[in-house]
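Here's the structure we're looking at; comments come further down.
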Amino acid sequence: MGNDDHRRRKTPCGFCMAVFKWIPVVFITAVIAWSYYAYVVELCIRNSENLVGMILMLFFYHIALILFMWSYWRTIMTSVGRVPDQWRIPDEEVTRLFRADNPETQKRILNSFARSLPVTNRTMNGSVRFCEKCKIIKPDRAHHCSVCNSCVLKMDHHCPWVNNCVNFYNYKFFVLFLGYALIYCLYVAFTTLHDFVQFWKGQLNGSGVGRFHILFLFFISIMFAISLVSLFGYHIYLVLVNRTTLESFRAPVFRVGGPDKNGFNLGRYANFCEVFGDDWQYWPLPIFTSRGDGFSYPTSTDQSGEAPPAQRYAAMGDTTTNRSQNQAQSQSQRQARPKSLNLQPALELPLANGQSSSCNTAAVPSSQVVVVNFSTLPEDANGDAVIIDMVGDHSGAAAVVAAPKDAFRQPNGDVPLN
């Protein structure tokens, strides 16, 4: 995993690619350095005439800049982590897995190895997820990144602007980086708006080069703020629904329940705390406070009590087997239900006067199923309930039939006619 990436970097081509991947980070750093010069030197020191206002502007500017750069640095430098060796399949098992003659044999091998691992996610065919490059069982929400050349825990996406995968360990830092970058851009734009208006009117003091620095600073801060507001809002939404970018495009498949985009949704507050932690004092700081270990996650089914955790975290089990069991259970329940009265084409019921009535009509369509409650029907002189049998079209005539109250009564007091 990590050794393969290290060997690849030793080659000349790998070294060039490693350098090339840092170009977006260098570009962002250069823009921030230029904005610092334009704001502090050209706007505040050389152009400001109010000393108190300049000090306040610089004070809040440096607070936003420090939080912004701190979060950016933590997002870049935080490692993607490493999957422990107990998730790695031995070489002999890998050889047996690749030589398996059918998918069912491969599924049994993977399920047998992952019996003691806390995995609930599956592939579309119900098999345990396996990485052929890393030779490991993939933990829940983990994916293989071809750029990092490793399996990444709770992978959100690979971001070239930070030259790193956004994952379990740095997702909080990434969201804070977006938020503080947006605050930084908005603050710079609002505080340079007055000078931009003065420049537009031709009343801005300072040299020609300095005025253009302020002009470009305003436009660039507005441009970055527009792009950041949508990205930051989208990731706040993902945090509140406990979903990664990959999971929003392709729903994770669970052993119990199948594909479900909301499978890890625990509620907005619990979802927020899973990323930012339980101590609100550390929420605005780029300090790791996320819940869990990155290998197993509580699911919405566990929270609602629909299935015990032991059932969800059991690695063994086939989705097709569970589906067959559910079908057999549903069939047994249908057989145990009381049979309802079926009106045949020639239906005879005893009338109140001892005669019989025959309804030579077609079977009642399913759209005209009527449920009659004997307790609410009127009675005739003999104490029998009067049933109105709607046969055929509703616009046609209805046959009025009388039957004893308890003739077809079910335990709940209803009589279905179909």
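The values are calculated or read from the model by the stated rules, or taken from the named source; none is laboratory data. Owing to the predicted nature of the structure, the values given are computational and were not obtained by experimental measurement. Cβ placement follows ideal geometry from the backbone for every residue including glycine, while neighbour counts extend to all protein chains displayed. All accessible areas refer to the heavy atoms of the entire protein, side chains included, with ligands and DNA or RNA removed. Shrake-Rupley method; radii C 1.70, N 1.55, O 1.52, S 1.80 Å.
The figures follow:
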| quantity | calculated |
| --- | --- |
| Listed residue pairs exceeding 23 Å between alpha carbons, taken from Lys135/Lys261; Lys133/Lys154; Lys133/Lys172; Lys172/Lys261 | Lys135/Lys261; Lys133/Lys172 |
| Heavy-atom accessible area order for Lys201, Lys21, Lys172, largest first, 1.4 Å probe | Lys201, Lys21, Lys172 |
| Whole-percent carbon and sulfur share, accessible surface of segment 85-158, 1.4 Å | 49 percent |
| Net length gained if the chain between Ala18 and Phe98 were fully extended (0.36 nm per residue, minus Cα distance) | 25.6 nm |
| Whole-number accessible area per residue in Å² for segment 85-158, which is evaluated in the context of all protein chains at 1.4 Å | 47 Å² |
| Long-range HN-HN contacts of Arg122 with modeled amide H, under 5 Å | Val253, Phe254, Arg255 |
| Ile222-Tyr269 FRET efficiency (beta carbon distance; Förster radius 30 Å; 0.05 resolution) | 0.35 |
| Phi to ³J(HN,Hα) by Karplus 6.51 cos²θ - 1.76 cosθ + 1.60 over segment 277-292, Hz, x for Gly, Pro | x, 8, 8, 5, 5, 9, 4, x, 9, x, 10, 5, 9, 5, 6, x |
| Cβ-Cβ FRET estimate between Gln198 and Ser230, R0 fixed at 30 Å, reported to 0.05 | 0.45 |
| Other-chain or far-sequence residues with amide H under 5 Å of Phe130's (modelled H) | Lys138 |
| For segment 85-158, convex hull of alpha carbons as volume per residue, Å³ | 95 Å³ |
| Gain upon complete extension [Arg82, Val52; 0.36 nm per residue less C-alpha separation] | 5.7 nm |
| Under the Karplus curve 6.51 cos²θ - 1.76 cosθ + 1.60, θ = phi - 60°, whole-Hz ³J(HN,Hα) for segment 103-113, x wherever Gly or Pro sits | x, 5, 5, 4, 5, 5, 5, 5, 5, 5, 6 |
| Amide H within-cut-off set for Asn164, under 5 Å, with H built and near neighbours excluded | Cys159 |
| Heavy atoms of Asp302: accessible area, 1.4 Å probe, square angstrom to 10 | 30 Å² |
| Nearest-0.05 FRET efficiency for Ile66 and Ala30, computed from C-beta distance (R0 30 Å) | 0.95 |
| Glu93, Glu274, ranked by accessible area, largest first (probe 1.4 Å) | Glu93, Glu274 |
| Estimated vicinal HN-Hα couplings, Hz - segment 233-239 in sequence order (Karplus 6.51, -1.76, 1.60; Gly, Pro = x) | x, 5, 6, 5, 4, 5, 5 |
